[in-house]
Amino acid sequence: MLDRIEVVQGDITQQQVEAIVNAANNSLLGGGGVDGAIHQVAGPELLEECRKLKGCPTGEAKMTRGYRLPAKWVIHTVGPVWRGGNYKEDEYLAQCYQSCFALIEKHQLKTVAFPSISTGAYRFPLERATRIAVAETVNFLKGNNFVEKIVFVCFNIRVYDCYVNELKSIQKVYNIGNGNNTLCPYT
């Protein structure tokens with residue numbers, strides 16, 4: 001199961017996967033960070049389709065076409081804004097992943113790339129968000145065999161290192177590997 005998880009540092013808009021996940025705002029009409037980059041590369045058709053969706057509540061996800069992106073699909077999810085941890089932020093972030101995985105399952109997508117949801121402008125603590133992301137992904141992969149690869153696309157080395165370290169700790173819990181291979185193909 002963990003051999004289907006990959007961590008890369010790079011640009012999510014350039015990933016060669018069936019779908020990428022957009023860390024969107026509630027309007028789905030573009031914004032900064034990952035959201036703005038995805039809208040810019042996908043082109044104005046993405047904005048037009050997003051307008052028809054009439055927004056998205058925090059913790060939920062909606063899917064559109066990818067237009068000019070290499071990915072055929074974009075799964076838009078709205079993560080929580082960090083407000084100290086007492087406003088169900090962990091639950092909302094877990095729901096983001098669960099909502100995305102429900103769409104992945106519904107559409108039988110085999111390869112999907114995720115950004116680090118809510119850790120940019122929404123200020124969710126990186127280590128905490130990474131634990132949730134990895135736990136939800138492992139839970140999902142335990143229950144299906146059709147997904148070939150989940151890629152965590154990290155925008156900088158700090159995020160990359162955090163995901164790698166979390167996956168290494170999960171590897172120890174599951175006692176996976178024989179010492180001659182790595183947990184995932186880090187590139």
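Which value in nm describes the separation of the simple spin-label points at ILE157 and ASP3, placed 7 Å from the Cα toward the beta carbon?
3.1
How many lysine pairs does the chain hold where the Cα atoms are under 15 Å apart and the two sit 8 or more places apart or on different chains?
7
Taking every Cα atom in the chain, find the radius of gyration and the maximum pairwise distance Dmax, and write them in Å.
15.6, 51
With a Förster radius of 41 Å, plug the Cβ-Cβ distance of ASP90 and ARG65 into 1/(1 + (r/R0)^6) and report the FRET value to the nearest 0.05.
So, using R0 = 41 Å, E works out to roughly 0.85.
Can you tell me the FRET efficiency between LYS72 and LYS142 if r is taken as the Cβ-Cβ distance and R0 is 35 Å, rounded to the nearest 0.05?
0.85
Roughly what % of DSSP beta bridges within the chain run antiparallel, to the nearest 5?
If I count the DSSP bridges inside the chain, around 25 percent turn out antiparallel.
For the chain, take the longest principal axis of its alpha carbons; what is the angle in degrees between that and the long axis of helix 89-106, to the nearest 10 within 0 to 90?
It works out to around 90 degrees.
First compute the accessible area of the stretch 1-135 with a 1.4 Å probe, then give the percent of it belonging to carbon and sulfur atoms.
Answer for the stretch 1-135 is 48 percent, counting heavy atoms of protein chains only.
Express in nm, to one decimal, how much length is gained between ALA135 and GLN98 on full extension, taking 0.36 nm for each residue of separation and deducting their alpha carbon distance.
So the extension gain works out to 12.2 nm.
May I ask you to compute the full-extension gain from GLU45 to GLN171, defined as 0.36 nm times their residue separation minus their alpha-carbon distance, rounded to one decimal in nm?
Here the segment from GLU45 to GLN171 would lengthen by 41.2 nm.
Please work out the C-alpha center-to-center distance from the stretch 127-157 to the stretch 20-87 and express it in whole Å.
The distance from the Cα centre of the stretch 127-157 to that of the stretch 20-87 comes to 19 Å.
Quote the relative contact order of the chain in percent (integer), defining contacts as alpha-carbon pairs under 8 Å separated by 6+ residues.
Here the relative contact order equals 31 percent.
Based on the mean of other beta carbon atoms within 10 Å per residue, what is the order of 74-83, 90-99, most packed first?
The peptides rank, most packed first, as 74-83, 90-99.
Calculate, in whole percent, how much of the Cα-Cα pair population of the stretch 47-123 lies beyond 15 Å.
58
Along Cα→Cβ, 7 Å out, is where each label goes; now give me the distance between the ones at ALA121 and SER27 in nm to one decimal.
The two pseudo-label positions are separated by 0.9 nm.
Take the Cα coordinates of the stretch 1-106, assign each an equal point scatterer, and use the Debye formula without solvent to give log10 I(q)/I(0) at q = 0.21 Å⁻¹.
-1.16
For the chain, with only Lys/Arg (+1) and Asp/Glu (-1) charged at the beta-carbon, what is the dipole magnitude about the Cα centre, in debye rounded to 20?
Once rounded to the nearest 20, the dipole reads 160 debye.
Using only the C-alpha atoms of the stretch 75-184, find the volume of their convex hull and express it per residue in Å³.
Spelled out: Cα convex hull of the stretch 75-184, divided by residues, is 110 Å³.
Would you please put 125-134, 43-52 in order of how densely packed they are, using the mean number of other Cβ atoms within 10 angstrom per residue and starting with the highest?
125-134, 43-52
Figure the gain on full extension for ARG83 and LYS54 (residue separation times 0.36 nm, minus the Cα-Cα span) and round it to one decimal in nm.
Result: 7.9 nm gained on full extension.
The values are calculated or read from the model by the stated rules, or taken from the named source; none is laboratory data. Please read these numbers as outputs of a predicted model, since none were measured by experiment. Note: ideal-geometry Cβ built from the backbone for every residue, glycine included; neighbour counts use all protein chains shown. Ligands, DNA and RNA are excluded from the accessible area calculation, which covers all protein heavy atoms including side chains. Shrake-Rupley method; radii C 1.70, N 1.55, O 1.52, S 1.80 Å.
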